[in-house]
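Structure record follows, encoded as structure tokens.
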């Protein structure tokens, strides 16, 4: 099967590797849509890798014995390889599992953990059903397209009474605009890149503020001086994280989604006196999958705007070069085109 590899700085190849086989509770999924996340950073730096990608949607093609899924089922492939037995996994918070397994060692395969490939193996309980009326590319947005900010809004109970500020309009932040608008919240985006600022407006952001302006003052003005009800950082940049802590109202909620960054938080001034709640959101609880799939179904036109480009697997370098410009929303790799 075809499998993307990084061979050097801004250099990639598509290698031929063995098709994985089903074993134990691991099913084989034919990857029909592989959303592209931050792998372009490894491509730019030349961090060689053969196991790229953590998002996919496709069709089950093989199971081993009794399984929760059957060949022909359309599914979204959830990330990682958690143990399925610890308290976190059993509670649906598998993304935080501290006992992840080695799927290749368990199944005897030599490949199959990458989603930038034509096939992937995954435990059957991590394959979320896709309704018949949902396009497979849209279903794939249940990964990082919508997932991290959906999990953040679930944790912060965001609703139509809230004003939510989202910093960073990369694909994850743009997905946050869709999530917030779907819930009826007023969404204020913070972004300097013209392409992504424009796309945020098209997706329903009521305002888009440039972080190079007096953005804190403008957020306070937009809320009558009280501060925003909820904030989500999708940048991982300390200045953006700190901005939300400063802009949040008393008893407000802030979620950090963007990876990286060390932000100073004052225990008394920020946490105790202001009474805010800080959340870390990596993904979402597995039990909330049906709710997210409902958003996927009902927000179809918005998702088609979020997905700005599609590339066949043999043009993965072109896709990464596009991502490096920032002139895109969510990019989807198509392994069979």
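Any chance you could give the angle, 0 to 90 degrees and rounded to 10, that helix 316-325 forms with the longest Cα principal axis of the chain? Tilt relative to the chain: about 10 degrees. Indicate the gyration tensor shape class of the stretch 147-280 (rounded, prolate or oblate), computed on the Cα atoms with a ≥ b ≥ c the square roots of the eigenvalues: a/c under 1.5 is rounded; otherwise a/b larger than b/c is prolate and the rest oblate. Judged from the Cα gyration tensor, the stretch 147-280 comes out rounded (a/c under 1.5).
Listing 305, 122 from fewest to most neighbouring C-beta atoms within 10 Å gives 305, 122. Cα axis of helix 171-182 to longest principal axis of the chain: angle in degrees, 0 to 90, nearest 10? It is inclined by approximately 70 degrees.
Of all DSSP bridge pairs formed entirely within the chain, close to 55 percent run antiparallel.
Please say if the stretch 1-103 is rounded, prolate or oblate, where rounded means a/c under 1.5 for a ≥ b ≥ c the square roots of the C-alpha gyration tensor eigenvalues, and otherwise the choice is prolate for a/b larger than b/c and oblate otherwise?
oblate
Rg to Rh for the chain: what is it, with Cα atoms only and Rh by Kirkwood? Walk me through the numbers on the way to the answer.
Values: Rg = 20.0 Å, Rh = 20.5 Å.
Looking at the chain, the ratio lands at 0.98.
Compute the helix-to-body angle for 147-156: its Cα long axis versus the longest principal axis of the chain, expressed 0 to 90° and rounded to tens. Roughly 40 degrees between the two axes.
If a/c stays under 1.5 just call it rounded; otherwise compare a/b with b/c (prolate if a/b is bigger, oblate if not). Do that for the stretch 87-147, with a ≥ b ≥ c from the square roots of the Cα gyration tensor eigenvalues. Before the final figure, lay out each step's value.
Values: a/c = 2.15, a/b = 1.23, b/c = 1.75.
In terms of gyration-tensor shape, oblate.
With neighbour counts taken as other beta-carbon atoms within 10 Å, the residues 262, 202, 39 rank, fewest first, as 262, 202, 39.
Take the Cβ atoms of residue 83 and residue 41, set R0 to 30 Å, and the FRET efficiency comes out at 0.60.
What ranking, highest mean first, results for peptides 23-35, 309-321 when packing means the other Cβ atoms within 10 Å averaged over each residue? Show your work: numbers first, answer last.
On the way: 23-35: 23.7, 309-321: 18.2.
Going from most to least packed, we get 23-35, 309-321.
Between residue 214 and residue 106, the simple spin-label model (points 7 angstrom out along Cα→Cβ) gives 5.6 nm.
For the chain, what does the helix formula give at 222 nm: sum of -39500 (n - 2.57) over DSSP H segments with n ≥ 4, over the residue count, nearest 500 deg cm²/dmol?
Mean residue ellipticity at 222 nm (helix-derived): -8000 deg cm²/dmol.
Just so you know, all these numbers are worked out from the coordinates, no wet-lab data involved. On a predicted model such as this, the values are computed, not experimentally measured, just so you know. Positions of Cβ are generated from backbone atoms using ideal geometry, with glycine treated the same way; all protein chains shown enter the neighbour counts.
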